[in-house]
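Encoded as structure tokens, the structure appears first; notes follow it.
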Amino acid sequence: MKSHLQLNSTLFRSALEQTPASIVITDRDGKIIYVNKFFTELTGYSMDELLGENPRILKSGYQSDELYKQLWSTIESGKTWKGELLNKKKDGSLYWEKATIKPVLNEADEVVNYIAVKQDVTEDKERLQSSERRERILNSIEQLSNTGGWEYDVAEGEFFWSEELYRIHGFEKRNIKEHDKESLKCYPPEAQKRV
């Protein structure tokens, strides 16, 4: 991506400010030269507090130094890095974001800036963690009692079967496409209509 960043361009600034994602632009040393409104609203930091700072101001301390070494190694070599980061807002609360960080190159293919576009995925991660926790608890109970169970998510229109239920009925998890129809096969024909 070869470009000269002209942050004073009205069109460029307008596009960045209206983007429904966090945008951070740094110089080649990683010092912040621009953040959009979405970013300041999400993190609680003002533009003035961030200018000249390194994005590590958001570092939560929960992810390994190796992750950050890999990130910097990737972007310093002129490649794009994609991944998820657990960051910390100004008030100390944590949030997850899915980030794409791309180096901006000049005509000589030298890195002159970095641009990060990030989506807040905290709610998605919390939903997934809740679902995984529910599944672990359910599987433990079922193994102890030798029973199986299922759940139907009305909002999503999806069935969730426990591992034990797959085992009891002899189905392989990856082969079930339509849980409602397959589950009926587990009942005697005279009970299927009622179920």
Checklist entry - For the range 58-110, how many residues meet the condition of being in a helix (DSSP H, G or I) and under 23 Å from Pro20 (Cβ atoms)? => result 1
Item to check | Residue in the range 150-160 that is small (Gly, Ala, Ser), at pLDDT 75 or above, loosely packed, with under 12 Cβ neighbours inside 10 Å and within 25 Å of Trp96 (Cα to Cα) present | outcome: yes
Checklist entry - Looking at this structure, is Tyr114 out of contact with any Leu (no Cβ under 8 Å at 6 or more places or on another chain), of a type in the set (Phe, Trp, Tyr) and assigned to a helix (DSSP H, G or I)? => result no
Item to check | Which listed residue, of Glu163, Glu142, is surrounded by 10 or more Cβ atoms within 10 Å (Cβ to Cβ) and either among the β-branched types (Val, Ile, Thr) or free of Cβ contacts under 8 Å to residues at least 24 places away in the same chain (or both) | outcome: Glu142
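Residue-wise test of (1) assigned by TED's automatic domain parsing to the domain that holds Asp29; (2) touching a Ser or Thr at 6+ places or on another chain (Cβ under 8 Å); (3) not hydrophobic (A, V, I, L, M, F, W, C).
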position	(1), (2), (3)
Asn54	yes, yes, yes
Leu58	yes, yes, no
Gly78	yes, no, yes
Asn87	yes, yes, yes
Lys102	yes, yes, yes
Asn113	yes, yes, yes
Ile137	no, no, no
Gly157	no, no, yes
Checklist entry - Name the residues in the range 118-132 that are acidic (Asp, Glu) and either surrounded by 11 or more Cβ atoms within 10 Å (Cβ to Cβ) or touching a Pro at 6+ places or on another chain (Cβ under 8 Å) (or both), would you? => result Asp120, Asp124, Glu126
Item to check | Which numbered condition Glu49 fails, given (1) outside any loop (DSSP other than H, G, I, E, B); (2) under 28 Å from Ala108 (Cα atoms); (3) modelled with pLDDT of 95 or more | outcome: (2)
Item to check | Yes/no for Lys125 being in a helix (DSSP H, G or I), closer than 30 Å to Glu17 by Cα, at pLDDT 80 or above and in contact with a strand residue (DSSP E or B) (Cβ under 7 Å, 6 or more places away or on another chain) | outcome: yes
Next on the checklist: Residues that are surrounded by 11 or more Cβ atoms within 10 Å (Cβ to Cβ), of a type outside the set (Gly, Ala, Ser), more than 22 Å from the chain's Cα centre (by Cα) and at pLDDT 80 or above: does the range 178-187 have at least one?
Outcome noted: no
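The values are calculated or read from the model by the stated rules, or taken from the named source; none is laboratory data. Fair warning: this is a prediction, and the values are worked out from it, not measured in the lab. No Cβ is skipped: glycine too gets one built from the backbone with ideal geometry, and neighbour counts run over all protein chains shown.
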